[in-house]
1. Arrange the following residues from fewest to most other Cβ atoms within 10 Å of their Cβ: 12, 118, 158.
2. For 173, 238, 194, which order do you get if you count the other beta carbons within 10 Å of each Cβ and list the fewest first?
3. Could you tell me how many degrees, from 0 to 90 and to the nearest 10, lie between the Cα long axis of helix 196-205 and the main elongation axis, the longest principal axis, of the Cα atoms of the chain?
4. To the nearest 0.05, how large is the calculated FRET efficiency for residue 208 and residue 159 if R₀ is 41 Å and r is the Cβ-Cβ distance?
5. Quote to one decimal, in nm, the extra length available between residue 67 and residue 178 on full extension: 0.36 nm per residue of separation minus the C-alpha distance between them.
6. Could you calculate the FRET efficiency of residue 77 with residue 53 from 1/(1 + (r/R0)^6), where r is the beta carbon distance between them and R0 is 41 Å, rounded to 0.05?
7. According to a simple spin-label model (label point 7 Å from Cα along Cα-to-Cβ), what is the distance in nm between residue 288 and residue 42?
8. For region 164-259, what class follows from the C-alpha gyration tensor (a ≥ b ≥ c being the square roots of its eigenvalues): rounded when a/c is under 1.5, otherwise prolate if a/b is larger than b/c, else oblate?
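Bear in mind that the values in this text are calculations on the coordinates, not laboratory data. What you see is a predicted model; the values in this text were computed from it and never measured. Every residue, glycine among them, receives a Cβ derived from its backbone with ideal geometry; neighbour counts consider all protein chains shown.
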């Protein structure tokens, strides 16, 4: 049995269709279909229930998925096992969107230059989702917002940067912060997200009840909406905000700073400890630059 076929099966289950899995795998839909059929012949039972443009896993498929993922992961580790320095192989990195365009690009350049044997696989996502994926051993490391709870000993954390909360409005609007937050439409950084809770705490502490227009856990989208004059917002000053906020007024908040912390998390018992260390060093160089 070819482990690449198992990888394609996992892609179909995760993407929800053969066509989407083909795009993710860089193959044709016909090639993915042939791989699934070969697996079904080998196993002698159906793996997918096809209907319209979707493909759903059968109960038998769901039962074998954990072992299939384990096999694919073990195969991906073989090249690294042959390297006595432990600096060869894939490194699965989960990244929140602001770090994807801010911290990560320079760090990836440094990492791949210093460690040519590494193959980074970047997985974007929200902090909560990335944390769960890290715990499930689906990621080697994750760059995310510090969670609102104490981390278990099984997770190693490295602080990368702290990002102060700032007020964001269109450049044309000159009203003071409190007046704008009470009177202008408020584009709310989702208070259920790990980063959004700091903005919610600021409003509660200052007894400000804004006219919330919508909730978003997408800071780039918030900045663009504010630049277009849709409303105002409270956002962290992430690396890269200025590129999107050319038409925005970015104002520091008075008093004690409210801020989110960006962490690099990894499993204490990592399968790729030296690659994770190399990533950590590359990120620190990116932050200091």
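1. 158, 118, 12
2. Fewest-to-most Cβ neighbours within 10 Å comes out as 173, 194, 238.
3. With rounding to tens, the tilt is 30 degrees.
4. 0.90
5. 34.5 nm is the gain from fully extending residue 67 to residue 178.
6. Computed FRET efficiency for residue 77 and residue 53 comes out at 0.75.
7. 4.7
8. It comes out rounded by the Cα gyration axes.
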